[in-house]
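The values are calculated or read from the model by the stated rules, or taken from the named source; none is laboratory data. The shown structure was predicted, so the numbers you read here are calculated from the model rather than taken from an experiment. Glycine gets a Cβ as well: all are built from the backbone with ideal geometry, and neighbour counts include every protein chain shown.
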């Protein structure tokens with residue numbers, strides 16, 4: 001499988017998942033500034049002067065397929081496929097941020113549905129999610145998708161604040177996906 005298969009633009013009405021390009025940078029900067037407090041529990045700080053440098057860190061290294069998440073043409077967040085391995089049938093969905101204006105709506109579910117179904121259509125049979133255990137909203141959202149909590153990695157990652165976080169690991173198998 002070519003990475004380009006995963007880089008396909010996806011859409012559900014006014015919700016689009018677009019391959020991340022330079023044209024999305026300023027929209028994402030604006031979206032990230034909508035929730036200044038959430039960045040305390042993210043691995044990186046996507047605010048203010050270090051935005052471009054942190055964008056590279058937040059979007060990971062090689063092996064990430066990055067997306068801008070848009071509603072009605074406006075960037076309201078970001079997400080990625082991380083380290084897809086077709087030979088193992090696995091891909092992670094992560095590096096996700098969604099601004100407050102679309103939280104509590106069906107936006108996240110629509111985005112994740114697009115990404116999950118596209119990954120399964122590309123031949124993957126397992127999707128993984130990892131979440132900082134302090135991020136109760138994200139923990140609930142991943143569980144609501146039907147992903148199963150498979151365990152917690154204790155003290156496995158240092159965030160930009162120096163906090164050593166615990167990471168909950170979730171898995172979603174193709175045959176478990178209810179759509």
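Structure notes:
- Failed item in (1) at pLDDT 90 or above; (2) out of contact with any helix residue (DSSP H, G or I) (no Cβ under 8 Å at 6 or more places or on another chain); (3) on the phi < 0 side of the Ramachandran plot, with residue 57 passing the rest: (1)
- Of the listed requirements (1) surrounded by fewer than 20 Cβ atoms within 10 Å (Cβ to Cβ); (2) within 28 Å of residue 45 (Cβ to Cβ); (3) in contact with a strand residue (DSSP E or B) (Cβ under 6 Å, 6 or more places away or on another chain), residue 136 misses just one: (3).
- Selection from region 6-29 of residues that are within 22 Å of residue 109 (Cα to Cα) and part of a helix (DSSP H, G or I): 6, 24, 27, 28
- Any chance residue 117 is outside any strand (DSSP E or B) and without any contact (Cβ under 8 Å) to a residue 24 or more places away in the chain: no
- Region 128-145, subset out of contact with any helix residue (DSSP H, G or I) (no Cβ under 6 Å at 6 or more places or on another chain) and touching a residue at least 40 places away in the same chain (Cβ under 8 Å), residue nearest to residue 163 (Cα to Cα): 130
- Candidates 96, 90: the one that is surrounded by fewer than 20 Cβ atoms within 10 Å (Cβ to Cβ), touching a strand residue (DSSP E or B) at 6+ places or on another chain (Cβ under 7 Å) and either at pLDDT below 95 or more than 20 Å from residue 39 (Cβ to Cβ) (or both) is 90.
- Residues of region 1-28 satisfying the condition of being buried (at least 16 other Cβ atoms within 10 Å of the Cβ) and over 30 Å from residue 85 (Cα atoms): 27
- Single residue of 146, 171, 179, 104 found to be at positive phi and surrounded by 14 or more Cβ atoms within 10 Å (Cβ to Cβ): 146
- A single entry from 137, 109 fulfils the requirement of being within 19 Å of residue 6 (Cα to Cα), outside any strand (DSSP E or B) and either at pLDDT 95 or above or under 15 Å from the mean Cα position of the chain (by Cα) (or both): 109.
- Residues (loosely packed, with under 13 Cβ neighbours inside 10 Å and outside any loop (DSSP other than H, G, I, E, B)) located in region 153-162: 154, 155, 156, 158
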